[in-house]
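Q: Attaching a single structure in structure tokens format; questions to follow.
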Amino acid sequence: MLSPTFQFTVDMLILQVVTTNVTYISEICSRIQSSTGGAIVVNQAALLPTLSRMTEKGWILLEVGIVPAYRLTDHGQQLVQNFSRNLGVSVHR
């Protein structure tokens, strides 16, 4: 089980990655690794429970196709904006 702080960090990283467009799980993993300078490396299988939980909470939406992809919901966008506002940074969708 992940610590709550680490889980929150991963959640926010995922939300930031899917803010701009529909994103495949491989791209989510790659962008998390690159945005953290390699400090966080996540494989696709390990990310599935987190993506499932975030989908159940209504933060992201799973778009089923040949390759499943995720996109940010309005609720997820509100979370990103609130978090960013509290940090004093801007996030573009």
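The values are calculated or read from the model by the stated rules, or taken from the named source; none is laboratory data. The structure displayed is predicted, hence computed values, not measured ones. A quick note on method: Cβ atoms are made from the backbone with ideal geometry, for glycine too, and the neighbour counts reach across all protein chains shown. The protein model used for the area step is the full one, side chains on, heavy atoms only, and it has no ligands, DNA or RNA in it. Shrake-Rupley method; radii C 1.70, N 1.55, O 1.52, S 1.80 Å.
Q: Quick one: THR73 ticks every box in (1) open to solvent by less than 30 Å² (accessible area, probe 1.4 Å); (2) modelled with pLDDT under 90 except a single one, so which number is it?
A: For THR73, the exception is condition (2).
Q: Within segment 47-62, is even one residue in contact with a helix residue (DSSP H, G or I) (Cβ under 7 Å, 6 or more places away or on another chain), among the hydroxyl-bearing types (Ser, Thr, Tyr), assigned to a helix (DSSP H, G or I) and at pLDDT 90 or above?
A: Looking through segment 47-62, at least one residue is in contact with a helix residue (DSSP H, G or I) (Cβ under 7 Å, 6 or more places away or on another chain), among the hydroxyl-bearing types (Ser, Thr, Tyr), assigned to a helix (DSSP H, G or I) and at pLDDT 90 or above.
Q: Sticking with this structure for a sec: Output yes when any residue across segment 32-45 is in contact with a strand residue (DSSP E or B) (Cβ under 8 Å, 6 or more places away or on another chain) and either modelled with pLDDT of 90 or more or among the hydrophobic types (A, V, I, L, M, F, W, C) (or both), and no when none is.
A: Scanning segment 32-45 turns up no residue that is in contact with a strand residue (DSSP E or B) (Cβ under 8 Å, 6 or more places away or on another chain) and either modelled with pLDDT of 90 or more or among the hydrophobic types (A, V, I, L, M, F, W, C) (or both).
Q: Further question: Using beta carbons and a limit of 7 Å, which pairs, at least six apart or on different chains, have the first residue in segment 58-73 and over 13 Å from ILE25 (Cα atoms) and of a type in the set (Val, Ile, Thr) and the second one open to solvent by less than 30 Å² (accessible area, probe 1.4 Å) and part of a strand (DSSP E or B)?
A: Qualifying pairs under 7 Å: THR73/ILE60.
Q: Go through segment 1-32 and count every residue that is free of Cβ contacts under 8 Å to residues at least 12 places away in the same chain and either of a type outside the set (S, T, N, Q) or open to solvent by 80 Å² or more (accessible area, probe 1.4 Å) (or both).
A: Count: 7.
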